[in-house]
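First the structure, in the form of C-alpha cells, and then the observations on it.
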Amino acid sequence: MAGVGNDDLRRTLATDAPLTRAIPLPAIRERRSVTVVHPSHPEVNSLFERLGGVLPVADEDAFNVFSALTGTLTTHYWYLATLTSWAAGHGIASEDADRYVRSLFQGVGRALSDETRSLHQLAADHETPNGNNERIRTTWFDPANSDALTSALDALLADLT
C-alpha cells in the first residue's frame, strides 16, 4: 500500500502482525529490479532476492526517500518521448525516431550494470570535451534545472512523510 506507513496500517488492521513495506517495480517480473524493503524480514528478503535483489533499509525515512526516487520513472519515459517528438518535428519518421531513441538508451541502460563506475563517471565516459553530450548536459541540465528537480523530490518526500 504505497504511501501508507506500517504504524498506520497496523492501526487500521488492528494487528500486531509483522509488516514489511516493499517497493516492487515492474522490472521485477524479469527478475531485474532491486526491491527496497522496511523493516528487514528474512522471508520477505528471501522472496525479493530471488526476484532481482533486495535492499533492506534502516528506517521508514530512508524507505520514503527511495519511494520518492521511484516517482522519477515516468519522467524518464517522457524525456525519451520528447526526444522522439523533437526528431519527428524535424522530418524524421516517428517510427524511426522511436526505434533509434529506444536503441540509444537501451545501450546506456546496459552501461548502468557496471557498478564499478559512479553515475558521474559513466556520464563523463560518454562525453567528449566540448562535444554534443557535454553541450546538452550543461545547457539544458543546468544548476536551475537541477535545483528544480531537487525541489520537486523534496516536495514529494514531504508528502510521503
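The values are calculated or read from the model by the stated rules, or taken from the named source; none is laboratory data. Since this is a predicted model, take the numbers as computed values, not measurements. Cβ: placed from backbone, ideal geometry, glycine included. Neighbour counts: every protein chain shown. For accessibility, only protein heavy atoms count, side chains too; no ligands or nucleic acids. Shrake-Rupley method; radii C 1.70, N 1.55, O 1.52, S 1.80 Å.
Residues that are touching a helix residue (DSSP H, G or I) at 6+ places or on another chain (Cβ under 8 Å), open to solvent by 80 Å² or more (accessible area, probe 1.4 Å) and either of a type in the set (Phe, Trp, Tyr) or more than 20 Å from THR82 (Cβ to Cβ) (or both) within the stretch 128-161 comprise THR128, THR161, listed in sequence order.
Considering the stretch 95-118 alone, what residues qualify as being open to solvent by 100 Å² or more (accessible area, probe 1.4 Å) and more than 21 Å from TRP78 (Cα to Cα)? Hits for the stretch 95-118 are GLU115, THR116. Sub-8 Å Cβ pairs linking a first residue in the stretch 21-35 that is free of Cβ contacts under 8 Å to residues at least 24 places away in the same chain to a second residue that is of a type in the set (Val, Ile, Thr) and surrounded by 13 or more Cβ atoms within 10 Å (Cβ to Cβ), at least 6 apart or interchain, are VAL34/VAL54; THR35/ILE23; THR35/ILE28; THR35/VAL54, ordered by first then second residue. In this structure, is THR72 under 19 Å from LEU156 (Cβ atoms), polar (S, T, N, Q), surrounded by 11 or more Cβ atoms within 10 Å (Cβ to Cβ) and under 22 Å from the mean Cα position of the chain (by Cα)? When the stated conditions are applied, THR72 passes them. Checked against the criterion of being among the hydroxyl-bearing types (Ser, Thr, Tyr) and at pLDDT below 95, the candidates SER94, SER85, SER151, SER146 yield just one match: SER146.
In the stretch 64-77, the residues that are more than 11 Å from ILE23 (Cα to Cα) form Cβ pairs under 9 Å with partners that are among the β-branched types (Val, Ile, Thr) and not in a helix (DSSP H, G or I), at six or more places apart or across chains, as follows: VAL65/VAL57.
For the condition closer than 30 Å to VAL101 by Cα and open to solvent by 50 Å² or more (accessible area, probe 1.4 Å), what is the one hit in ARG50, ARG29, ARG11?
ARG29
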